[in-house]
Amino acid sequence: VQLQAYGGGLVQAGGSLRLSCAASGRTFSSWTVGWFRQAPGKEREFVAAIIWSGGSTVYADSVKGRSTISRDNAKNTASLQMNDLKPEDTAVYYCAGKSNWWSPSNLSEYRQWGQGTEVTVSS
């Protein structure tokens, strides 16, 4: 499975963005999809993850209540809707995939990574 994140951009604080992750390959529908982000000078961190069926999700505390992860297996896509964006949300966002739901917030568990999409939130 190959992944590609897109949808980033420049937005003012308080605004919204919808990031998408397009996947190729027939196994996408059985994978856990995670979103991670890396701010300049910081380590990559977990944002959100969704199980293959969409029936379970998990969020980092920093985005909980402001973000919604979803997926459409028929279209081989996953999305991250982010609302009430803050300057501290500025980062490159990556989608990643793995074949199980074990420890979904642990980036070392993910085997497939897409190229990131940059999100800049101005104050």
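Within the listed set Ala13, Ala74, Ala23, the residue fluctuating most in the Gaussian network model of the chain (springs between alpha-carbon atoms under 10 angstrom) is Ala74. Considering only Val47, Val63, Val33, the mean-square fluctuation computed in a Gaussian network model of the chain, springs between alpha carbons under 10 angstrom, is largest for Val63. The portion of the accessible surface of the stretch 9-92 made up by carbon and sulfur, rounded to a whole percent, is 49 (1.4 Å probe; DNA, RNA and ligands excluded).
Other residues within the sphere of radius under 10 Å centred on the Cβ of Gly116, judged by their own Cβ, net out at +1 (K and R +1, D and E -1). As a size descriptor, the averaged projected area of the C-alpha convex hull of the stretch 1-47 was calculated at 4.3 nm².
With a cut-off of 13 Å, note down the residues of the stretch 89-108 whose backbone N falls inside the zone around a label point 7 Å from the Cα of Arg26 toward its beta carbon. Those under the cut-off are none; the list is empty. Restricting the calculation to Cα atoms, the stretch 1-87 yields a radius of gyration followed by a Dmax of 13.0, 38 Å. Computed on the chain, with alpha-carbon pairs under 8 angstrom and 6+ residues apart, the relative contact order is 37 percent. Only Lys, Arg, Asp and Glu carry charge here, each on its Cβ (+1 for the first two, -1 for the last two); on that basis the chain has a dipole of about 300 debye about its Cα centre. Rolling a 1.4 angstrom probe over the protein heavy atoms with all chains in place gives the chain an accessible area of 51 Å² per residue.
The values are calculated or read from the model by the stated rules, or taken from the named source; none is laboratory data. Since we're looking at a predicted model, the values are computed, not measured. Please note: Cβ atoms are built from the backbone with ideal geometry, for glycine as well, and neighbour counts cover all protein chains shown. What goes into the accessible areas is simple: the full protein's heavy atoms, side chains included, and nothing from ligands, DNA or RNA. Shrake-Rupley method; radii C 1.70, N 1.55, O 1.52, S 1.80 Å.
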